[in-house]
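J.: The structure that follows is given in the form of structure tokens.
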Amino acid sequence: MTNLHPEIAAVTDRIVDRSRQSRAAYLALIAAQRDNGIGRPRLGCANLAHAYAGTDEQRDAMKPADAMNIGIVTAYNDMLSAHAPYYRYPEQMKVWAREVGATAQVAGGVPAMCDGVTQGYAGMELSLFSRDAIAMATAVALSHNVFEGAALLGICDKIVPGLLMGALRFGHLPMVLIPGGPMRSGIANKEKARVRELYAEGKASREELLDSEIAAYHGKGTCTFYGTANSNQMMVEAMGLHMPGAAFVNPGTKLRQELTRAAVQRLPEIGWNSNDYRPIGEIVDERAIVNAAIVLLATGGSTNHLIHLPAIARCAGIVIDWDDFDRLSRTVPLLARVYPNGSADVNGFEDAGGPTFVIRELRRGGIMHGDTLTIASDGADAYCRRPDLDGDRLVWRDHDAASGDDTILRTIDAPFSPEGGFRILSGNLGRACIKVSAVERDRWTIEAPCRVFEDQQAVQDAFKAGELDRDVVVVVRFQGPRANGMPELHKLTPPLGVLQNKGFRVALVTDGRMSGASGKVPAAIHLSPEALGGGPIGKLRDGDVIRLCAQQGVLSALVDPAEWAVREQAAPPPPQAGTGRELFALMRGTASEAEAGGSAMLAAAGL
């Protein structure tokens, strides 16, 4: 493999230097937890009896406490298509653990909400903070101290980040994340988007829209577009926390089953009593976090991870900021086009070569760290090969030199773009991020009068009334973590797309989130500081001209500086109750800004 690119090395060194004190404190914490004894030998007999009481079939095997007991933390529910396959995983995992002399127990469950169900409705205001709840539920599950390793069952948007955030506070334990795989392909994503835009224009009925959506989201498994859930899987591969190549193997297949068996049986091999101890807190180091950011950029992944990855990193004592993402994005080539950045879905991406092909190519070009610790026996090299079956035996094979489809996936020598999919914007409105991998170059710069809103329904109403049929920057404010929990504004994509299709110069500016599915309309999102508490977005008035330029990294209101300096902030709307939102008031009141992870839990913990 080629030597590491100097800019990748420089960004990593910057993160190491910035994190030196916090990372040292974290490593000292997990060393103390390890040295205090991993679990059961130190527990009293009554404590152990409680832990063993619900597991008659494994009790005798658990008594000696000299083999691994695996804690399963599961996000199973059958309302979430991606997590429905987990229904029988625990009972299977117990059998596979016993095959290698280990045991397994369900340590606990974590909440797992579906952003696809709550998009545009009140429940979405709980979504970001569900990540903190998942992290805390993971900590509760592992707090019983009867586990020598853990298997984390989760895939979707806030669930993988939350599981990792909680798990990393038990960094002395070896852990593996076990995905369930994507559903098989339904209707083409382009057709789904077409029907959505027709509905937004009033040219398709609700029944036609529902039939289209059901044809797209039609079975068990992860949604097949390359949004936050599937970006999670790409990053976990890069961090070395999956069995190699496990991300996008469909549910219900023999290969999927054998990858899960291998994950369970790998844990005892990297446990405390083995000769190859690999705790998660040592695997997730500065290089692993940089690798996760790199594959996100190289594949045009979800903007949500500019919030999630900093939060994950902080739980391991590592501080990464948006300037790091910006520098990486100017170095990392774009190797994949998966919807919404292209027409193919993740099944097409997997067929073309998938995550292991991307990692191999980035390694070949010196764009990824190759010296990282992973759960695999042959380290980072394992993630450059694809899993396969040789009869009933799980094997990994080298990729062909060429992509299986170069309209979806390309080599390092012929990328779609020499740069990655994100930019950081700054100016008198603050700092924001923009995903440009799906935005045509001639729309990287938008300068137009703004129209200011305080919720996305008001935008939709104005669109239906024809009030936005012009060049316009749509501003949606009071959508940050402290205002209302920072919901995604994904329902704005179809109407803004319609306006752009009509030939208007259109952009979105918001202190909220957009989505892993954000696409062709330029959107400056996660604007910080947010409106609540004095962010400059609160000064905007209808008609102010805004300049958004992804090429130059600019986001500014073109207002006379003297007027801007004395202009008053808009009053925030009153907090909303109902759908449990009032129960999250404590989290809203103490949440950090988006660049620091948008987390109340981390802010309170001083992480």
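The values are calculated or read from the model by the stated rules, or taken from the named source; none is laboratory data. None of these values were measured; they are calculated from a predicted model. Heads up, the Cβs are rebuilt from the backbone with ideal geometry, glycines too, and the neighbour counts pull from every protein chain shown. With ligands, DNA and RNA removed, areas are computed over all heavy atoms of the protein, side chains included. Shrake-Rupley method; radii C 1.70, N 1.55, O 1.52, S 1.80 Å.
J.: Quick one: would you say residue 287 is farther than 16 Å from residue 156 by Cβ and open to solvent by 40 Å² or more (accessible area, probe 1.4 Å)? Break it down stepwise before answering.
T.: Numbers: farther than 16 Å from residue 156 by Cβ: yes; open to solvent by 40 Å² or more (accessible area, probe 1.4 Å): yes.
Against the criterion (farther than 16 Å from residue 156 by Cβ and open to solvent by 40 Å² or more (accessible area, probe 1.4 Å)), residue 287 qualifies.
J.: Would you mind stating whether residue 164 is buried (at least 21 other Cβ atoms within 10 Å of the Cβ), at pLDDT 95 or above and either in contact with a strand residue (DSSP E or B) (Cβ under 8 Å, 6 or more places away or on another chain) or more than 19 Å from residue 235 (Cβ to Cβ) (or both)?
T.: On the way: buried (at least 21 other Cβ atoms within 10 Å of the Cβ): yes; at pLDDT 95 or above: yes; either in contact with a strand residue (DSSP E or B) (Cβ under 8 Å, 6 or more places away or on another chain) or more than 19 Å from residue 235 (Cβ to Cβ) (or both): yes.
Yes: the conditions hold for residue 164.
J.: If a residue counts only when it is of a type in the set (A, V, I, L, M) and within 21 Å of the chain's Cα centre (by Cα), which strands (runs of 3 or more DSSP E) contained entirely in segment 327-446 have at least 1 such residues?
T.: Values: elements: 385-390, 393-398, 422-427, 430-435.
The strands (runs of 3 or more DSSP E) meeting that bar are 422-427, 430-435.
J.: For segment 189-218, what are the residues that are in a helix (DSSP H, G or I) and of a type outside the set (D, E, K, R)?
T.: The answer is 189, 193, 195, 198, 199, 200, 209, 210, 212, 214, 215, 216.
J.: Another one. With the requirement that a residue be in contact with a helix residue (DSSP H, G or I) (Cβ under 6 Å, 6 or more places away or on another chain) and either at negative phi or free of Cβ contacts under 8 Å to residues at least 24 places away in the same chain (or both), what does segment 429-441 give you?
T.: Residues of segment 429-441 that are in contact with a helix residue (DSSP H, G or I) (Cβ under 6 Å, 6 or more places away or on another chain), as a first pass: 429-430, 433.
Answer for segment 429-441, where residues must be in contact with a helix residue (DSSP H, G or I) (Cβ under 6 Å, 6 or more places away or on another chain) and either at negative phi or free of Cβ contacts under 8 Å to residues at least 24 places away in the same chain (or both): 429, 433.
J.: Mind checking which residues of segment 189-217 are buried (at least 16 other Cβ atoms within 10 Å of the Cβ) and small (Gly, Ala, Ser)?
T.: Passing the criteria: 193, 200, 204, 212, 216.
J.: While we're on this one: Consider residue 26 carefully, then state whether it is within 20 Å of residue 280 (Cβ to Cβ) and either in contact with a His (Cβ under 9 Å, 6 or more places away or on another chain) or of a type in the set (Phe, Trp, Tyr) (or both). Working first, answer last.
T.: Numbers: within 20 Å of residue 280 (Cβ to Cβ): yes; either in contact with a His (Cβ under 9 Å, 6 or more places away or on another chain) or of a type in the set (Phe, Trp, Tyr) (or both): yes.
So residue 26 passes the test.
J.: A further question follows. With 329, 302 as the choices, which residue is buried (at least 23 other Cβ atoms within 10 Å of the Cβ), among the hydroxyl-bearing types (Ser, Thr, Tyr) and either modelled with pLDDT of 95 or more or farther than 25 Å from residue 221 by Cα (or both)?
T.: Matching residue, one of 329, 302: 329.
J.: Go through segment 524-557 and give me each residue that's in contact with a Lys or Arg (Cβ under 9 Å, 6 or more places away or on another chain), crowded, with 21+ Cβ neighbours inside 10 Å and closer than 30 Å to residue 189 by Cβ.
T.: Scanning segment 524-557 gives 525, 526, 527, 550, 555.
J.: For segment 465-494, name all the residues that are farther than 18 Å from residue 526 by Cβ and either open to solvent by less than 10 Å² (accessible area, probe 1.4 Å) or out of contact with any helix residue (DSSP H, G or I) (no Cβ under 8 Å at 6 or more places or on another chain) (or both).
T.: Of all residues in segment 465-494, those farther than 18 Å from residue 526 by Cβ come to 465-472, 494.
Once the filter is applied, which keeps residues that are farther than 18 Å from residue 526 by Cβ and either open to solvent by less than 10 Å² (accessible area, probe 1.4 Å) or out of contact with any helix residue (DSSP H, G or I) (no Cβ under 8 Å at 6 or more places or on another chain) (or both), segment 465-494 yields 465, 466, 467, 468, 470, 471, 472.
J.: Next up: Which residues, taken from segment 390-403, are out of contact with any Asp or Glu (no Cβ under 6 Å at 6 or more places or on another chain), surrounded by fewer than 13 Cβ atoms within 10 Å (Cβ to Cβ) and farther than 25 Å from residue 414 by Cα? Even if it seems obvious, please write down each step before you answer.
T.: Residues of segment 390-403 out of contact with any Asp or Glu (no Cβ under 6 Å at 6 or more places or on another chain): 390-393, 396, 398-403.
When the remaining residues are screened for being surrounded by fewer than 13 Cβ atoms within 10 Å (Cβ to Cβ), the result is 390-393, 398, 400-401.
Within segment 390-403, 390, 391, 392, 393 meet the criteria.
J.: Could you give every pair whose Cβ atoms fall below 7 Å, whose first residue belongs to segment 311-332 and is closer than 18 Å to residue 425 by Cβ, and whose second residue is open to solvent by 10 Å² or more (accessible area, probe 1.4 Å) and β-branched (Val, Ile, Thr), counting only separations of at least 6 or pairs across chains?
T.: Pairs found: 322/424; 323/424; 325/424; 326/424.
J.: Of a type outside the set (D, E, K, R), open to solvent by 10 Å² or more (accessible area, probe 1.4 Å), closer than 22 Å to residue 437 by Cβ and part of a loop (DSSP other than H, G, I, E, B), is that true of residue 521?
T.: yes
J.: Further question on the same structure: Can you pull out the residues in segment 58-82 that are open to solvent by less than 10 Å² (accessible area, probe 1.4 Å) and either in contact with a helix residue (DSSP H, G or I) (Cβ under 8 Å, 6 or more places away or on another chain) or modelled with pLDDT of 95 or more (or both)? Explain how you work it out, then say what you get.
T.: Step one: filter segment 58-82 for residues open to solvent by less than 10 Å² (accessible area, probe 1.4 Å), giving 58, 62, 69-73, 75, 80, 82.
Matches in segment 58-82: 58, 62, 69, 70, 71, 72, 73, 75, 82.
J.: Still on this structure: Need pairs with beta-carbon distance below 9 Å; first residue under 17 Å from residue 148 (Cα atoms) and without any contact (Cβ under 8 Å) to a residue 40 or more places away in the chain and within segment 42-65, second open to solvent by 40 Å² or more (accessible area, probe 1.4 Å) and assigned to a helix (DSSP H, G or I); sequence gap 6+ or separate chains.
T.: Sorted first by the residue in segment 42-65, then by its partner, the pairs are 52/59; 65/41.
J.: Restricting to segment 570-592, give me the number of residues that are part of a loop (DSSP other than H, G, I, E, B) and closer than 18 Å to residue 537 by Cβ.
T.: Within segment 570-592, the first condition is being part of a loop (DSSP other than H, G, I, E, B), and the residues that meet it are 570-580, 591-592.
Those still in the list that are closer than 18 Å to residue 537 by Cβ too: 570-573, 591-592.
Count: 6.
J.: How many residues does segment 127-158 hold that are out of contact with any helix residue (DSSP H, G or I) (no Cβ under 6 Å at 6 or more places or on another chain) and assigned to a helix (DSSP H, G or I)?
T.: Count: 7.
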